Ligand code: UDP
């Protein structure tokens with residue numbers, strides 16, 4: 001069986017990717033320092049605890065498993081924190097990725113799937129983004145992801161390390177079989193915060209801004225189901241393993257939903273009230289972030305099947321009800 005090294009495999013998206021890799025016939029090897037992940041989410045292959053900045057540990061793991069590819073999810077990802085302590089983001093995300101790339105090249109592992117973000121496009125309100133849209137990050141988190149994209153291009157030129165870069169929009173939902181799901185601490189994302197509020201385990205949701213230039217005044221986002229998202233990664237891996245050229249793909253659905261629409265849908269799914277307040281805008285929020293996924297659909301054959309709002313919230317709610325959030 002071919003091994004794939006999954007950095008951040010104990011986290012939300014990484015753990016779903018491990019499940020998808022196993023289903024596709026690969027052995028996912030999780031490499032994670034557990035700063036934001038959970039060891040009990042590592043269910044589909046071996047676990048190697050380690051830090052991205054630890055070159056000796058990386059060399060050891062590459063030598064032990066000789067992976068055919070790396071899927072690189074491990075990163076610090078809180079926008080607000082990245083503005084307060086940017087050095088932490090540059091060191092961990094950029095420095096850590098550099099160490100990982102050097103270890104991969106030294107081990108002759110030259111297929112790399114990278115988890116990037118639509119935040120690299122910055123604040124381009126009321127534009128439907130495609131892969132050629134200008135990248136102009138407005139926070140240190142996005143800037144760190146953008147820098148890693150640049151690094152990948154340089155490593156391809158110099159060392160022949162080929163890559164597929166995925167720029168995600170808003171990832172939501174959970175494994176419908178509830179083997180893994182979303183759990184961040186602290187939680188900053190709309191849907192899990194809202195489910196906690198619905199369940200009375202959290203304070204009421206605060207809507208961050210109701211005076212945006214959108215039909216109902218709240219921000220619009222493009223939500224993608226985590227299972228669809230990781231399916232794209234399997235297609236990206238096959239793309240690289242069949243010797244195709246390096247490529248960037250946006251992963252969005254082309255439809256945006258406002259915060260109020262997400263609240264309405266959550267009320268419908270759970271059949272419960274959503275307690276919320278209307279609050280001021282959150283610094284750094286764009287009005288509308290929506291992407292087409294034409295390239296991923298056309299070139300990779302990606303066919304998202306669960307990325308409608310009702311299914312995403314239903315799956316998140318089913319996962320929520322497993323009680324994992326109370327651990
Ligand atoms: N949001 C909100 N209240 C919250 C968390 C999020 O109103 O407690 C809004 C946020 O302003 C954005 C949308 O929900 O418009 C999605 O935010 P999230 O943090 O989930 O993802 P982001 O778009 O920041 O990556």
- Computed over the chain: longest principal axis from alpha-carbon atoms vs helix 309-320 long axis, angle to nearest 10 degrees, is 80 degrees
- Hey, fewest Cβ within 10 Å first, where do 35, 18 land in order? 35, 18
- Message: Rounded to the nearest angstrom and ordered from largest down, what semi-axes does the equivalent ellipsoid of the range 17-172 get from its C-alpha gyration tensor (root of 5λ)?
- Response: 26, 17, 17
- Query: What order do you get for 312, 71 when you list them from fewest to most C-beta neighbours inside 10 Å?
  - Reply: 312, 71
- In what sequence do 112, 208 fall when counting other Cβ within 10 Å, fewest first? 208, 112
- Roughly how many nanometres apart are two label points built 7 Å out from the Cα toward the Cβ at residue 321 and residue 202? 1.9 nm
- Note on the structure: Longest principal axis of the chain (C-alpha) makes with the long axis of helix 12-23 (C-alpha) an angle, in degrees to the nearest 10, of 60 degrees
- Query: Pairing the Cα long axis of helix 96-106 with the longest principal axis of the chain, what angle in degrees results, from 0 to 90 and rounded to the nearest 10?
  - Reply: 30 degrees
- Take the Cα gyration tensor of the chain, multiply each eigenvalue by 5, square-root it, and list the three semi-axes largest first, rounded to whole angstrom. 31, 22, 19
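FYI, it's all coordinate maths here, none of it is from the lab. Treat the numbers as computed from the prediction; the structure is a model and nothing was measured. Note: ideal-geometry Cβ built from the backbone for every residue, glycine included; neighbour counts use all protein chains shown.
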